[in-house]
Amino acid sequence: MELLKVFLLTLGVLSIAMVGLAITMLVKKGGKFPNTHVSGNKYLKRKGVYCSQTQDRLEQLNSNKKIAFKNLTFVPDKSSN
């Protein structure tokens, strides 16, 4: 019986939390959840801050442009002999 009370109490608290999170969707016409991702923040966009995946992709593209593969030469490691 105690387990049932705890389960129902937990279910009630979770239900209230879900309704609280969805209040903007329920009250506003055409309401939706706010975009909390880094890409949705206008201030961070102006500062040039991106999410880690986008920033990593941009850095990889930039690093490939900096290396001139035509000028690379093989130098054997003399310490292995």
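Is it true that some residue in the stretch 24-46 is of a type in the set (Gly, Ala, Ser), modelled with pLDDT of 85 or more and in a helix (DSSP H, G or I)?
Checked the stretch 24-46: no residue is of a type in the set (Gly, Ala, Ser), modelled with pLDDT of 85 or more and in a helix (DSSP H, G or I).
Can you tell me which residue in the stretch 34-57 is farthest from GLY20 (Cα to Cα), limited to those that are of a type in the set (Ser, Thr, Tyr) and touching a helix residue (DSSP H, G or I) at 6+ places or on another chain (Cβ under 8 Å)?
Step by step, filter the stretch 34-57, then rank; the result is THR54.
The values are calculated or read from the model by the stated rules, or taken from the named source; none is laboratory data. Values in this document were obtained by computation on a predicted structure and should not be read as measured data. Note: ideal-geometry Cβ built from the backbone for every residue, glycine included; neighbour counts use all protein chains shown.
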